[in-house]
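Chemist: Could you have a look at this structure, given as C-alpha cells, before my questions?
The values are calculated or read from the model by the stated rules, or taken from the named source; none is laboratory data. These figures come from a predicted structure and were not determined experimentally. FYI the Cβ positions are ideal-geometry reconstructions off the backbone, even for glycines, and counts take in every protein chain you see. Areas reflect the complete protein model, heavy atoms only, side chains present, ligands, DNA and RNA absent. Shrake-Rupley method; radii C 1.70, N 1.55, O 1.52, S 1.80 Å.
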Amino acid sequence: MSEHFPHLFSPFQLGSLTLPNRVVMAPMSTNMGGLDGSVTPELVAFYRARATGGTGMIIVEFCCVHRPTGRSEHRQLSLENSSQVDGHKTLVDAIASAGAVPCLQLQHGGPGVKRELVQDGVAVGPCDIASRRDPDKLTARALSHDEIEHLIECFGKTAELGVEAGYQAFELHGAHGYLLTTFLTPYFNQRDDAWGGDEQRRLAFPTRVIQRVKAAIGDRPLIYRLSADEFTAQGLNIDDMARIAPQLAAAGLDAIHVSIGLGATSFDKIIEPMSMPEGWRLPYARRIRAATHIPVISVGQIRWPATAEKAIADGDTDLIALGRPLLADPAWAAKARRGDTDRIRPCTSCNYCITMSAGEHGKIGCAENPFTGRELMPIPDAGALRGSKAVVVGGGPGGMAAALMLDQAGFNTTLIEARDSLGGGLVASAAPPFKEKLQWYQDYLQRTLGNSTVNVTLGTNATIERLCADEPRVVILAHGGRAIPLPIAGIDSDRVVDAYEILMGSNIRFPDPEPNLPVMIYGGGETGCETAEYLAERGYQVILVSRSPAKKLARSAEAIYRMVLLERLNHNPAIRIIDNSAIDSIDDNGLVTLRGNDGQQSMEVLRLLIAQGRRPDPQLAGELMAAGIPHLTIGDARQGGRIGDAVHNAYSAVVTLCASGRIATLELAC
C-alpha cells in the first residue's frame, strides 16, 4: 500500500484472484500483432513495459474469437487453435513475471469489423444493415440461429485456449458496437425470435456467451465491458443499463467494466477529445456499481492519481482502468505509488495515438512518448560522441524533447529559445478554449528540463555567428515556421495581426471588444477556428472567413476533436462564418473588401487576424550548411504538423545522430 494514494494501491480481491493494486490497463488495439493474429515480440515488449511500470492488472487487447467474420483490425490478435497458444503463453509470462495479472479480452467485431477483412466483405450481426450509398447492398447480414450457436461456442473455445495459455482473468467486450453490444441494444437488434424482440430476448446472446465462457474458465474472474450509455436515439441509456447490468451480472460475472458510447453514432464519447473534463464518466460507474453490487472498473478521462484515489475513496468505482495514460507513461502506476506525480508524462487526450494506429500499416503510438510501440529499440546513446556539444534551436515541444533526449544520450546540450519563455507552439495550442490539458505537457517538459543538465538560454536569437562560436558537433533546428505572406492590399496596416501571435500571448496592443465592430479572422484552418473561439470567449464578435466551403473548416485537425470543434463553432452566437470568400484589401480605417461567390462586399472590422498557415524558414539551415556545421531539422521548421510530429521528429533525429557515433565491431561473433 502507498502512503500517497492508499486506496489506489491497496490490494483488491476480484473473485478468486488478488490484484496487487487497483490500477488496470484498459484494452486498446495496438495493431502490433501478426497479420495471422499471432503474438509478436514487439507486442510482448509493449505489454511488458506497462507491467514493469507497476500496473496491477493488464487487460490484453481484443482477441478475435472468429477471424472469418469478426476481425476488426488488420493485425488483431486471435486465439482459435492450439498453434496460437505458445505465443500467448509468452505474452502471459512477460506480464506475470513483471508483477501484473494477465487478463484477456474476447471479442467479435459484429457490424464493427473492417469489412475488407471478413468473408464476402459483409459484416454479421443481429439484423441486416443496408448500405447508405446503395440500399440494394448489405454492409451487414443477419446471423442465423445456427451461426449464433456457433459463435457462442467460438467464445468458449477461445476462453479454453486462453486458460491453456495461462491467462488469470478474462473480459468480454460488450461495449462500443461490437457483436455482443449489437444483440443487446435496440438500435441494432430488431429481430423477433429467440435472439431479439424485447429486452429479455435481446439479453439471450450475451447471457449465453457469459455462461459458456464462465464454464470454460472455471473460477477465474470474468469481466464484462459494457457501454453504460450509448448516447444514441433508440439506443440504451444509463437508466436502461442500470436495469440490464444486474441481469448480466447474474449470468456469471465477477466485475463490470463501465465504458460509454456506440461507435456508429457517438464515437466522440468512446474516445473523447481533450475538451471532456477529468472524471466525467465516474457517475456512470457509480450507478452501475450500485445497481449490480459487484465490483466495477471505471475507464476514460482519468489522468491523475488524485482523481483515481478520490473515485475509489468516494465509492464511485473499485478499480481504475487507464488506456491512453499508459501510452504516454508506462510507469504511471510506479510513479504514483512513489508520490512522483510531477514526473508522470501526462496524457492530454490529443488522440495522436488514434491517428498513428489507423490503417493497414498503422500501429499504436503516442504524441509525447515516441518510445511507445518501439519498446524493442535501444534508448539512444551518444557512444563515441558522448560529451560532444549539441545545440537545439527552438524551445517548442520538438525542441524541448530533442534537448532532453540528447542530454540523456550523453551530449553536452544547449537549448536556445528566442522568446522569453519555453513552450513555442505548445503555448498557442493550449490557449484556445477546452485545450488547457496541453498545458500539462508544457509544464512536464519544463519541469523535466529543470531536472536535467541541459543549458537553457532564453530571449536569445540563434544567429549563425553565435552557433559558429559555440562550435557544436550538431545543431537541431526546431525553431518552427513563419507566417505565409499574402497578396492583400493594406496587409501592413496596424489593423492586421498574426492570429498565431494572439494565441502565443505576444505583447500586442489589442483593443477591447466593441459590440458593433467585429474582429475578422482570415483562415478556416485549425488556427483560425480556434482563434475564433478564443476571442468569442473574451467577448468579441467574430467573423471567420474561409476561402474553402464551411464543411472543410479545420480539415487538418484530428478527426474527433474536429467533430466537436465544428459543432461548437456552428452553435456559437458570437461567431459568424463566411465561406468561399477571399480578402482583397484592408485600409487604415479597418474597411475590409471581400470577394466571394455572391460578388464583392465591404465591412469595417476592429482588427483583421491572419491565420493562413505557417511554413518553414530555411535561412538558418542554409547558413549552417554553408558553415559546414552538421544539422537536422524537425517539427514545423521542417514541415507543418502536430505536436506529436515534432516530438517524433526529435526522436528520429537523436536516433540518427547517435547511430553516427556508434562504434561498430568488425564482424559478428558468429
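Chemist: Would you confirm whether any residue within the range 244-259 is of a type in the set (D, E, K, R), outside any loop (DSSP other than H, G, I, E, B) and either within 17 Å of I223 (Cα to Cα) or within 17 Å of the chain's Cα centre (by Cα) (or both)?
Modeler: First, pick out the residues of the range 244-259 that are of a type in the set (D, E, K, R): 254.
Subset that is outside any loop (DSSP other than H, G, I, E, B): none.
No - not one qualifying residue is present in the range 244-259.
Chemist: Collect the residues in the range 1-57 that are among the hydroxyl-bearing types (S, T, Y) and either under 19 Å from the mean Cα position of the chain (by Cα) or under 30 Å from S82 (Cα atoms) (or both), keeping them in residue-number order. Quick ask: steps written out before the conclusion?
Modeler: Step one: filter the range 1-57 for residues among the hydroxyl-bearing types (S, T, Y), giving 2, 10, 16, 18, 29-30, 38, 40, 47, 52, 55.
If the condition is that a residue be among the hydroxyl-bearing types (S, T, Y) and either under 19 Å from the mean Cα position of the chain (by Cα) or under 30 Å from S82 (Cα atoms) (or both), then S16, T18, S29, T30, S38, T40, Y47, T52, T55 are the ones that fit.
Chemist: Separate question: Examine the range 512-523 for a residue that is under 28 Å from P487 (Cβ atoms), surrounded by 14 or more Cβ atoms within 10 Å (Cβ to Cβ) and without any contact (Cβ under 8 Å) to a residue 40 or more places away in the chain, and state whether such a residue exists.
Modeler: Keep residues of the range 512-523 that are under 28 Å from P487 (Cβ atoms), which gives 517-523.
From what is left, the residues that are surrounded by 14 or more Cβ atoms within 10 Å (Cβ to Cβ) are 517-523.
Then drop every residue that is not without any contact (Cβ under 8 Å) to a residue 40 or more places away in the chain, which leaves none.
So far as the range 512-523 goes, no, none of its residues is under 28 Å from P487 (Cβ atoms), surrounded by 14 or more Cβ atoms within 10 Å (Cβ to Cβ) and without any contact (Cβ under 8 Å) to a residue 40 or more places away in the chain.
Chemist: Going residue by residue through the range 98-106, is there one that turns out to be farther than 23 Å from A175 by Cβ and either open to solvent by less than 30 Å² (accessible area, probe 1.4 Å) or not in a helix (DSSP H, G or I) (or both)? Break it down into steps so the answer makes sense when it comes.
Modeler: Taking the range 98-106 first, the residues farther than 23 Å from A175 by Cβ are 98-99.
From what is left, the residues that are either open to solvent by less than 30 Å² (accessible area, probe 1.4 Å) or not in a helix (DSSP H, G or I) (or both) are 98-99.
The answer is yes, given that some residue of the range 98-106 is farther than 23 Å from A175 by Cβ and either open to solvent by less than 30 Å² (accessible area, probe 1.4 Å) or not in a helix (DSSP H, G or I) (or both).
Chemist: Every residue in the range 287-303 that is open to solvent by less than 60 Å² (accessible area, probe 1.4 Å) and either within 20 Å of R243 (Cβ to Cβ) or modelled with pLDDT of 95 or more (or both), please. It would help to see each step written out before you state the result.
Modeler: Quick first cut of the range 287-303, residues open to solvent by less than 60 Å² (accessible area, probe 1.4 Å) only: 288, 291-292, 294-303.
Passing the criteria: I288, A291, T292, I294, P295, V296, I297, S298, V299, I302, R303.
To keep it simple, each residue is scored yes or no on (1) touching a residue at least 40 places away in the same chain (Cβ under 8 Å); (2) on the phi < 0 side of the Ramachandran plot.
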| residue | (1), (2) |
| --- | --- |
| D254 | yes, yes |
| E272 | yes, yes |
| G279 | no, no |
| L282 | no, yes |
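Chemist: A further question follows. Would you pick out the residues in the range 456-507 that are within 16 Å of G425 (Cα to Cα) and among the hydroxyl-bearing types (S, T, Y)?
Modeler: Matches in the range 456-507: Y500, S506.
Rundown of residues vs (1) more than 25 Å from the chain's Cα centre (by Cα); (2) hydroxyl-bearing (S, T, Y); (3) at pLDDT below 95, yes/no style:
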residue	(1), (2), (3)
A559	no, no, yes
L566	no, no, no
H571	yes, no, no
I577	yes, no, no
N589	yes, no, yes
G599	yes, no, yes
E604	yes, no, no
R607	yes, no, no
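Chemist: Looking only at the range 107-119, which residues are among the polar types (S, T, N, Q) and open to solvent by 30 Å² or more (accessible area, probe 1.4 Å)?
Modeler: First, the residues of the range 107-119 that are among the polar types (S, T, N, Q): 107, 119.
Listed by number, the list holds a single entry, Q119.
Chemist: Sort through D240, D329 and tell me the only one that's among the acidic types (D, E) and buried (at least 21 other Cβ atoms within 10 Å of the Cβ). Working first, answer last.
Modeler: Working: D240 fails: buried (at least 21 other Cβ atoms within 10 Å of the Cβ).
Residue meeting the stated conditions: D329.
Chemist: In the range 137-189, how many residues are among the hydroxyl-bearing types (S, T, Y) and either touching a Lys or Arg at 6+ places or on another chain (Cβ under 9 Å) or at positive phi (or both)?
Modeler: Going through the range 137-189, the residues among the hydroxyl-bearing types (S, T, Y) turn out to be 139, 144, 158, 167, 178, 181-182, 185, 187.
Applying the additional criterion that residues be either touching a Lys or Arg at 6+ places or on another chain (Cβ under 9 Å) or at positive phi (or both) yields 139, 167, 185.
Counting residues in the range 137-189 that are among the hydroxyl-bearing types (S, T, Y) and either touching a Lys or Arg at 6+ places or on another chain (Cβ under 9 Å) or at positive phi (or both) gives 3.
Chemist: OK, next. Among the residues of the range 252-286 satisfying the criterion of being basic (K, R) and out of contact with any strand residue (DSSP E or B) (no Cβ under 7 Å at 6 or more places or on another chain), which is most open to solvent (accessible area, probe 1.4 Å)?
Modeler: Going residue by residue through the range 252-286, those that are basic (K, R) are 269, 281, 286.
Pick out the ones that are also out of contact with any strand residue (DSSP E or B) (no Cβ under 7 Å at 6 or more places or on another chain) and you get 269, 286.
On the way: K269: 44, R286: 109 Å².
Per the criteria, the residue is R286.
Chemist: Can you tell which of A418, A431 is open to solvent by 20 Å² or more (accessible area, probe 1.4 Å), more than 23 Å from the chain's Cα centre (by Cα), on the phi < 0 side of the Ramachandran plot and modelled with pLDDT of 95 or more? Even if it seems obvious, please write down each step before you answer.
Modeler: Details: A431 fails: more than 23 Å from the chain's Cα centre (by Cα).
Selected residue: A418, the only one of A418, A431 that is open to solvent by 20 Å² or more (accessible area, probe 1.4 Å), more than 23 Å from the chain's Cα centre (by Cα), on the phi < 0 side of the Ramachandran plot and modelled with pLDDT of 95 or more.
Chemist: Against the definition (modelled with pLDDT of 95 or more and of a type in the set (G, A, S)), how does G323 come out, yes or no? Full working, then the answer.
Modeler: Values: modelled with pLDDT of 95 or more: yes; of a type in the set (G, A, S): yes.
Taking the combined requirement at face value, the residue satisfies it.
The rows are residues; the columns are (1) under 25 Å from L657 (Cα atoms); (2) outside any loop (DSSP other than H, G, I, E, B); (3) open to solvent by less than 10 Å² (accessible area, probe 1.4 Å); (4) free of Cβ contacts under 8 Å to residues at least 12 places away in the same chain.
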{"position": "R345", "(1), (2), (3), (4)": "yes, no, no, no"}
{"position": "C350", "(1), (2), (3), (4)": "no, no, no, no"}
{"position": "C353", "(1), (2), (3), (4)": "no, yes, no, no"}
{"position": "G373", "(1), (2), (3), (4)": "yes, no, yes, no"}
{"position": "P380", "(1), (2), (3), (4)": "yes, no, no, no"}
{"position": "A384", "(1), (2), (3), (4)": "yes, yes, no, no"}
{"position": "G395", "(1), (2), (3), (4)": "yes, no, yes, no"}
{"position": "G398", "(1), (2), (3), (4)": "yes, yes, yes, no"}
{"position": "D407", "(1), (2), (3), (4)": "yes, yes, no, no"}
